[in-house]
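A.B. asks: Let me give you the structure first, and then I'll get to my questions.
The values are calculated or read from the model by the stated rules, or taken from the named source; none is laboratory data. Just so we're clear, the structure is a prediction, and the values are computed from it rather than from any experiment. Reconstructed Cβ throughout: ideal geometry from the backbone, glycine too, with neighbour counts over all protein chains shown. All accessible areas refer to the heavy atoms of the entire protein, side chains included, with ligands and DNA or RNA removed. Shrake-Rupley method; radii C 1.70, N 1.55, O 1.52, S 1.80 Å.
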Amino acid sequence: MLKKIDHIGIAVHSLQEVKSVFQSVFSLEPDYQEEVEDQGVKVAGFQIGETHLEFLEPTRADSPVAKYLEKRGQGIHHIAINVDNIHRTMEQIEQQGLKLIDRQPRTGAGGKQIAFAHPKSLFGILLELTQAPSE
Ligand code: CMX
């Protein structure tokens, strides 16, 4: 059901600051950057081996990431796991008692289909399911 960790999402105040630190400390540039308007964030992803660290900066005050930063400060916001069939996985995890935030998948960074499960139903982890556009 779960294929691999697609990315770890990290809430930050400034992507510019992250890019500057990653460039000077690790000589790393982001391999994707985009705005996901639906989620109220700008993201920058750095490849680390087979996965990514994805930094998220809010673009509006009412976005989930802005609320998270205000309440908990910068840090790990979610873990995204790649699945073969997002609809089927959503159905299965809901049947097993997890609380879905999204009733239907939405479009996230890179055109992936994404859906979230509530951290209160999974040991405090905000889980993002992702399915690549071609899958
Ligand atoms: N990880 C762990 N716990 C979290 C959390 C997170 N990311 N976000 C909120 N919580 C906890 C809060 O600390 C709070 O706990 P307490 O009641 O113990 O204080 C509880 O969940 C409720 O938090 P809240 O601040 O009242 O927030 P909401 O219930 O309004 O929203 C959530 C929480 C998860 C439903 C909302 O953030 C959401 O819908 N997230 C999914 C969408 C999203 O995060 N998009 C950004 C990423 C976009 C992308 O990757 O493209």
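Let's see how each residue does on (1) open to solvent by less than 30 Å² (accessible area, probe 1.4 Å); (2) polar (S, T, N, Q); (3) within 12 Å of the ligand (Cβ to nearest atom); (4) touching a residue at least 60 places away in the same chain (Cβ under 8 Å):
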| residue | (1), (2), (3), (4) |
| --- | --- |
| Lys3 | no, no, no, yes |
| Gln16 | no, yes, no, no |
| Gln23 | no, yes, no, no |
| Leu28 | no, no, no, no |
| Val36 | yes, no, yes, yes |
| Lys42 | no, no, yes, no |
| Gln47 | no, yes, no, no |
| Leu69 | yes, no, yes, no |
| Gly75 | yes, no, yes, yes |
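A.B. asks: Now a separate question. For the stretch 123-131, does any single residue satisfy the condition of being away from the ligand (no atom under 12 Å from the Cβ) and either at pLDDT 95 or above or not polar (S, T, N, Q) (or both)?
C.D. replies: Yes, the conditions are met somewhere in the stretch 123-131.
A.B. asks: May I ask you to list the residues in the stretch 80-98 that are without any contact (Cβ under 8 Å) to a residue 40 or more places away in the chain and under 17 Å from the mean Cα position of the chain (by Cα)?
C.D. replies: Met90
A.B. asks: Still on this model: Quick check: anything in the stretch 101-119 exposed (fewer than 15 other Cβ atoms within 10 Å of the Cβ), basic (Lys, Arg) and in a helix (DSSP H, G or I)?
C.D. replies: Checked the stretch 101-119: no residue is exposed (fewer than 15 other Cβ atoms within 10 Å of the Cβ), basic (Lys, Arg) and in a helix (DSSP H, G or I).
A.B. asks: Considering only the stretch 118-135, I want to know if a residue exists there that is small (Gly, Ala, Ser), within 15 Å of Ile5 (Cα to Cα) and touching a residue at least 24 places away in the same chain (Cβ under 8 Å).
C.D. replies: To start, the set of residues in the stretch 118-135 that are small (Gly, Ala, Ser) comprises 121, 124, 132, 134.
Within this subset, residues satisfying the condition of being within 15 Å of Ile5 (Cα to Cα) are 132.
Now restrict to residues that are touching a residue at least 24 places away in the same chain (Cβ under 8 Å): 132.
Yes, the conditions are met somewhere in the stretch 118-135.
A.B. asks: Here's a follow-up. What is the residue count in the stretch 117-135 for residues that are under 22 Å from Glu37 (Cβ atoms) and either small (Gly, Ala, Ser) or out of contact with any helix residue (DSSP H, G or I) (no Cβ under 9 Å at 6 or more places or on another chain) (or both)?
C.D. replies: Total meeting the criteria: 2.
A.B. asks: Looking only at the stretch 18-71, count every residue that is assigned to a helix (DSSP H, G or I), among the charged types (D, E, K, R) and over 24 Å from Ala132 (Cα atoms) and tell me the total. Write out each step before concluding.
C.D. replies: Applying the first criterion (assigned to a helix (DSSP H, G or I)) to the stretch 18-71 yields 18-26, 37-39, 64-71.
Filter again for among the charged types (D, E, K, R), leaving 19, 37-38, 67, 70-71.
Those still in the list that are over 24 Å from Ala132 (Cα atoms) too: 19, 67, 70-71.
Qualifying residue count for the region: 4.
Residue-by-condition table, conditions (1) closer than 14 Å to Val12 by Cβ; (2) in contact with a Cys (Cβ under 7 Å, 6 or more places away or on another chain); (3) surrounded by fewer than 19 Cβ atoms within 10 Å (Cβ to Cβ):
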| residue | (1), (2), (3) |
| --- | --- |
| Leu56 | yes, no, no |
| Arg88 | no, no, yes |
| Gly124 | no, no, yes |
| Glu128 | no, no, no |
